[in-house]
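J.: Here it is: the structure, laid out below.
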């Protein structure tokens, strides 16, 4: 098994003030300390520092993208797997290369514990590197996955398809990928549920939704929680595992993930664009499991931090005639 490494480093700690005309806030201002905090009150204080949605999105645009160290594991280059990871030598990355995707060429994009980690950016870095090998299919996968079917089956399923006829491939659904979701407005039951069942941050989240004009949320299409939402725009969710034709990636510009998002909702944005832009999709008979939340925070910390991503997603949805090139509304 051959490894190679390419480094694209950035500072791991908040540097000094960066003065440049036209920058809304210092590019690396103190706010990221609050946004990245493991204390809920600090993350809430981060949001309180903005007057409106436009200010928050502007800060998101100016935030640096972080470290992206590339480690490659040599394998079949017709199907290349991109795996963003905190630690190339950690247990999740090791499981990917020694078991889950063994035999395929893997491009790990290692962030370390970077102060400015940006998942979308690191996915795009991996995609750009993968395109150098002219593969037929490019897979973007979280590192915290669970093997169900073999990499050999995955390769056989993909190479049996004509990459000129299909743009995006979905697997058999799991809870966190290839399943149907919708972007929709919550109903009155949602607000009641949030206040009663999530006393720690439900009221705070609702205040932030109002402040940043978050009217649409990502919601299930079935089950008990679907009753908290109105009808909406339905799509197949990529989330932690997506397969793309390299021809389609090149056709749409190469960087398929919107890097304004900060580790929340970038996959939903991509899933919605795939549906709206009428990408040609196919479902293959391959299963892979997932361990969502193993490498990032879970619970209230992650939920409140993800308000930034929801803010930008709602801005795009509100402006979808221009941003998504679609008419009508949900």
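J.: Ranked from highest to lowest mean number of other Cβ atoms within 10 Å per residue, what is the order of the peptides 209-220, 309-320?
T.: By packing density, highest mean first, the sequence is 309-320, 209-220.
J.: For the chain, what is the percent of antiparallel DSSP beta bridges, rounded to the nearest 5?
T.: Beta bridges within the chain, antiparallel portion: roughly 65 percent.
J.: Using DSSP, restrict attention to beta bridges with both residues in the stretch 20-146 and report what percent are antiparallel, rounded to the nearest 5.
T.: 30
J.: While we're here: Taking the Cα atoms only, what angle lies between the long axis of helix 53-62 and the longest principal axis of the chain, rounded to 10 degrees?
T.: Relative to the chain, helix 53-62 is tipped by roughly 40 degrees.
J.: How far is helix 202-211 tilted off the main Cα axis of the chain, in degrees rounded to 10, range 0 to 90?
T.: Roughly 90 degrees between the two axes.
J.: For the stretch 109-192, what does the alpha-carbon gyration tensor say about shape, rounded, prolate or oblate, given a ≥ b ≥ c as the root eigenvalues, a/c under 1.5 as rounded, and a/b over b/c as prolate?
T.: It comes out oblate by the Cα gyration axes.
J.: Relative to the longest principal Cα axis of the chain, at what angle does helix 188-197 sit, 0 to 90 degrees, rounded to 10?
T.: 90
J.: Relative contact order for the chain using alpha-carbon pairs under 8 Å, separation at least 6, rounded to a whole percent?
T.: Numbers: 614 pairs, mean separation 67.5, N = 330.
Computed over the chain, the figure is 20 percent.
J.: Specify whether the C-alpha gyration tensor of the stretch 217-291 places it in the rounded, prolate or oblate class, a ≥ b ≥ c being the square roots of the eigenvalues: rounded for a/c under 1.5, otherwise prolate if a/b is larger than b/c and oblate if not.
T.: It comes out prolate by the Cα gyration axes.
J.: So, one more: Using a 7 Å offset from the Cα along the Cα-to-Cβ direction at both residue 215 and residue 86, what is the distance between the two label points in nm, to one decimal?
T.: Rounded to a tenth, the inter-label distance reads 3.8 nm.
J.: Ok, one more. Compute the separation of the alpha-carbon centres of the stretch 207-251 and the stretch 113-175 and state it in Å as a whole number.
T.: Going from one Cα centre to the other spans 20 Å.
J.: Let me know the shape class of the stretch 172-313, please: from the alpha-carbon gyration tensor, a ≥ b ≥ c as square roots of the eigenvalues, rounded when a/c is under 1.5, otherwise prolate if a/b is greater than b/c, or oblate.
T.: Because a/c hits 1.5 or more and a/b exceeds b/c, the stretch 172-313 counts as prolate.
J.: Using packing as a proxy for protection, rank 154-161, 255-262, 223-230, 120-127 so that the peptide with the highest average count of other Cβ atoms within 10 Å comes first. Don't skip to the answer; put the middle values down first.
T.: Working: 154-161: 17.1, 255-262: 21.2, 223-230: 13.0, 120-127: 25.1.
Listed from highest to lowest mean packing, they are 120-127, 255-262, 154-161, 223-230.
J.: Once you have the Cα-Cα distance between residue 192 and residue 300, take 0.36 nm times their residue separation minus that, and quote the gain in nm to one decimal.
T.: Here the answer is 37.1 nm.
J.: Going by average Cβ density within 10 Å per residue, which order do the peptides 163-175, 29-41, 93-105, 133-145 take, highest to lowest?
T.: Those peptides, ordered most packed to least, come out 133-145, 93-105, 163-175, 29-41.
J.: Also, I was wondering about something else. How far apart, in nanometres, would the label points at residue 250 and residue 282 be if each is projected 7 angstrom from Cα along the Cα-to-Cβ direction?
T.: Placing both labels 7 Å along Cα→Cβ, they lie 1.8 nm apart.
J.: Expressed as a rounded percentage, what relative contact order does the stretch 31-172 have, with Cα pairs under 8 Å and six or more residues apart?
T.: 26
Bear in mind these aren't lab numbers, they're just calculated from the coordinates by the rules spelled out. For clarity, every value in this text was computed on a predicted model and none was experimentally measured. Positions of Cβ are generated from backbone atoms using ideal geometry, with glycine treated the same way; all protein chains shown enter the neighbour counts.
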